[in-house]
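Student: What follows is a structure written as structure tokens; I'll ask about it next.
The values are calculated or read from the model by the stated rules, or taken from the named source; none is laboratory data. Everything numeric in this text was worked out from a predicted model, so none of it was measured. All Cβ positions, even for glycine, are placed from backbone atoms using ideal geometry, and neighbour counts span all protein chains on display. Just the protein is used for accessible areas: all its heavy atoms, side chains included, with ligands, DNA and RNA removed. Shrake-Rupley method; radii C 1.70, N 1.55, O 1.52, S 1.80 Å.
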Amino acid sequence: MIPELDLRTPEYIASRRLFGPPFLKLLSGILGFCMLVGAFYAATIYPDWLRRELEQEIGLAIGLREEVAPLLELAEETALLKARSDLEQDLHKSLDPPQEYLLVAKKLASAHRLNLEKVTVDRNGSLFLKGWSRDLGDIALFSQVLECEPCFVSSEVRLINRGPGGNYYFELTALGTGNGGEME
């Protein structure tokens, strides 16, 4: 194979190049200058701009916090008042004398010819009654009347057994409202 010979002169070849060494030097100088300007901006101007933006955001956050502060205080006061109200109601329930419940139950039992052997009152005002009667109708009527009292929500006969002598022994539960109801 025969090698090709280039008969063009170096001056001709240099004149035909798209980018010559002077252009590349100028281009690298411009790029270096741009990099220096960018580094200067990144080192001095951009952090100052970020600092100003941060100060504006902090000022806005402080302003919003000052606007919301009364609402937060109101929410805290409301929560405290609700907690206090719940505590007062619990205290009222626990201090409510159970005698009212007992008096109501005993008065109704004697009116319906029931003999109560044991009456227990819990903290919620619920009654647990044990007793006996000669008539089943009296026990059922007593349960219904007890349920109609304002100091009770419901009444339920739990157990009825027939004992010696024809007596009916019962156990009854009356769920109290916890507020003692109104006594006349």
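Student: So what's region 47-87 giving for Rg/Rh, alpha carbon basis, Kirkwood Rh from the mean inverse pair distance? List each step's numbers first, then the result.
Tutor: Numbers: Rg = 17.5 Å, Rh = 12.5 Å.
Rounded to two decimals, Rg over Rh is 1.40.
Student: Rank-order 170-176, 62-68 by packing density, defined as the average count of other C-beta atoms within 10 Å over each peptide's residues, highest first.
Tutor: Peptide ranking by packing, descending: 170-176, 62-68.
Student: Could you tell me how many degrees, from 0 to 90 and to the nearest 10, lie between the Cα long axis of helix 21-40 and the main elongation axis, the longest principal axis, of the Cα atoms of the chain?
Tutor: Computed tilt is about 30 degrees.
Student: By what distance, in whole Å, do the Cα atoms of the chain stretch along each of the three principal axes, largest value first?
Tutor: 145, 59, 20
Student: State in Å² the accessible area per residue of the chain; use a 1.4 Å probe, count heavy atoms of protein chains only, and round to the nearest integer. Don't jump to the answer; show the numbers that get you there.
Tutor: Numbers: 14340 Å² over 184 residues.
Normalised by residue count, the accessible surface of the chain is 78 Å².
Student: What number of lysine-lysine pairs in region 1-147 show an alpha-carbon separation below 22 angstrom, given a sequence spacing of 8 or more or placement on distinct chains? Present the calculation step by step, with values, prior to reporting the outcome.
Tutor: Values: Lys82/Lys93; Lys93/Lys106; Lys106/Lys118; Lys106/Lys130; Lys107/Lys118; Lys107/Lys130; Lys118/Lys130.
Lysine pairs meeting the criterion: 7.
Student: With a 1.4 Å probe and all protein chains left in place, how much of the accessible area of the chain comes from carbon and sulfur atoms, in whole percent? Could the numbers behind the result be given before it?
Tutor: Details: 8860 of 14340 Å².
Roughly 62 percent of what the probe reaches on the chain is carbon or sulfur.
Student: Just check region 1-87 against the gyration tensor rule for me: Cα atoms, a ≥ b ≥ c as the square roots of the eigenvalues, rounded for a/c under 1.5, and otherwise prolate or oblate depending on whether a/b exceeds b/c. Before the final figure, lay out each step's value.
Tutor: Numbers: a/c = 10.73, a/b = 4.22, b/c = 2.54.
Cα axes put region 1-87 in the prolate bin.
Student: Continuing with the same structure: Specify which residue in the list Leu60, Leu36, Ala79 is farthest towards the positive end of the charge dipole of region 25-101, using unit charges on the beta carbon of Lys, Arg (+1) and Asp, Glu (-1), about the Cα centre.
Tutor: With unit charges placed on the Cβ atoms, the residue in question is Leu36.
Student: Can you give me the relative contact order of the chain as a percent, contacts being Cα pairs under 8 Å and 6 or more apart? Mind showing how you got there, number by number?
Tutor: Numbers: 183 pairs, mean separation 28.5, N = 184.
Contact order relative to length: 15 percent.
Student: Helix 46-95 versus the longest principal axis of the chain: what is the Cα-based angle in degrees, 0 to 90, to the nearest 10?
Tutor: That works out to roughly 10 degrees.
Student: Also, I was wondering about something else. At a 10 angstrom cut-off on C-beta neighbours, averaged per residue, how do the peptides 2-14, 151-163, 134-146 rank from highest to lowest? Walk me through the intermediate numbers first.
Tutor: Working: 2-14: 7.4, 151-163: 13.9, 134-146: 16.2.
Top to bottom by mean Cβ count within 10 Å: 134-146, 151-163, 2-14.
Student: Something else: Mind checking the full-extension length gain between Ile13 and Asn167? Use 0.36 nm per residue of separation minus the Cα-Cα distance, one decimal, nm.
Tutor: Details: separation 154, 0.36 × 154 = 55.44 nm, distance 13.38 nm.
Going from the current span to full extension adds 42.1 nm.
Student: May I pose another question? Out of residues 5 or more away from Val153 or on other chains, whose amide H comes under 5 Å of its own, with H placed 1.01 Å from N in the peptide plane?
Tutor: Leu175, Gly176, Thr177
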